[in-house]
Ligand SMILES: [Zn+2]
């Protein structure tokens with residue numbers, strides 16, 4: 001009994017998730033789709049079960065993500081946004097109705113920020129006006145419906161901008177459950193939430 005308990009503890013210690021710290025080399029591997037298996041936390045796609053969306057921009061790709069590790073899912077306004085990982089809501093904004101490709105809109109993006117148990121944070125951006133269903137301090141389960149997509153803030157078209165920072169404020173890539181298994185996402189592909 002004791003032995004198996006110790007074994008359990010030991011295997012937890014050796015397999016407990018650590019947040020990915022990506023080097024430039026690893027990011028270039030990511031863009032080529034050639035990433036090695038790792039033990040970082042696995043996220044749900046940030047929308048409702050059964051729905052699927054086109055990933056327009058991914059890590060370090062495209063126009064506005066050149067120096068950024070983030071994901072843009074094209075979505076018609078009002079699409080359901082769900083928590084990608086369990087955590088506590090640390091910030092929300094839902095009072096804006098303004099958006100476009102102009103610097104004046106930079107601070108106008110409605111959003112939800114969720115802090116995870118390892119101190120990392122996920123940002124869900126460009127939500128529609130009054131499109132936030134959670135409050136600061138709420139604990140949200142993975143997959144919980146938390147809001148509705150929109151086109152507020154610095155945004156060229158209706159979409160969800162999803163971005164994760166580790167506890168030190170470093171922008172990081174995350175893995176997701178998909179129909180093709182647990183993977184890092186690539187732009188130009190449709191992804192369906194299956195969890
Ligand atoms: Zn974006």
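Bear in mind that the values in this text are calculations on the coordinates, not laboratory data. Remember, predicted model here, so these are calculated numbers, not experimental data. Note that each Cβ is placed from the backbone with ideal geometry, even for glycine, and that neighbours are counted across all protein chains shown.
Along its three principal directions, the equivalent ellipsoid of the stretch 55-141 from the Cα gyration tensor extends over semi-axes of 21, 17, 12 Å, largest first. Most tightly packed first, judged by the mean number of other beta-carbon atoms within 10 Å of their residues, the peptides 188-194, 40-46, 51-57 read 40-46, 51-57, 188-194.
Computed packing ranks the peptides 106-113, 162-169 as 106-113, 162-169, most packed first, by mean other Cβ atoms within 10 Å.
According to the Cα-based calculation, Rg over Rh for the stretch 41-192 is 0.92, with Rh computed by the Kirkwood formula.
Judged by the mean number of other Cβ atoms found within 10 Å, the most tightly packed of the peptides 132-140, 78-86 leads the ranking 78-86, 132-140.
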